[in-house]
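Note sheet for the following structure.
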Amino acid sequence: MLICMKCSAQLHKVDVSVLLPSPPHPTSIPSTPGAPSAPGVHDTLRSNLLLSAPPPKTASLASTSSQTQSFHPLESRLSRWRAQQETLKMELLRRQFGIAEPVRRGMEMSIVLAGEWRPMSLGCGMGASVHADILAGRDAEIGWEDVFLGGEMGEGGDFHVEMEGRFGMAW
């Protein structure tokens, strides 16, 4: 406990670890022997793996304790950070305004997410909607989902075919 020199008030230390999410990924990855010419690459011939036989449990590259991850560790940490900040915000709103405010905001968000639909020609609902971004307070952020809509590879169909399928008018 600290004492303020100006007003002699007692100050409490704030535990910052409560505000920061812990990292979910391991800090180190154990080294596994691989092919002699390319370390880290699984050597199928030396492990005696056949297409018809299941792989032996003793000589496998990916054990249950160390699975490779297809995403960056910061991505999962950022999603956990957002979830924790949302929980903290709802808790502070509950303390200040009562239980009605977080319940109202949750209902508004569920209504917005349930009623959102965009055709494939407009980005097919990739990422969050504008309404959900405003309700979550992220309307000033630009994420990769806002820039890369997924239509770069020529996918996307005709608007009329999509509407006919959506409303059951495919004759």
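Every residue in the stretch 123-141 that is at pLDDT 85 or above and either hydrophobic (A, V, I, L, M, F, W, C) or surrounded by fewer than 16 Cβ atoms within 10 Å (Cβ to Cβ) (or both), please.
A132, I134, L135, A136, G137, R138, D139, A140, E141
Each row is one residue, and each column tells you yes or no for (1) within 24 Å of the chain's Cα centre (by Cα); (2) modelled with pLDDT of 85 or more.
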{"site": "E86", "(1), (2)": "yes, yes"}
{"site": "G115", "(1), (2)": "yes, no"}
{"site": "V147", "(1), (2)": "yes, no"}
{"site": "V161", "(1), (2)": "no, no"}
{"site": "E164", "(1), (2)": "no, no"}
{"site": "A170", "(1), (2)": "no, no"}
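The values are calculated or read from the model by the stated rules, or taken from the named source; none is laboratory data. Only a predicted model underlies this, so the values are computations on that prediction, with no experimental measurement involved. Note that we place each Cβ from the backbone using ideal geometry, even for glycine, and neighbour counts take in every protein chain shown.
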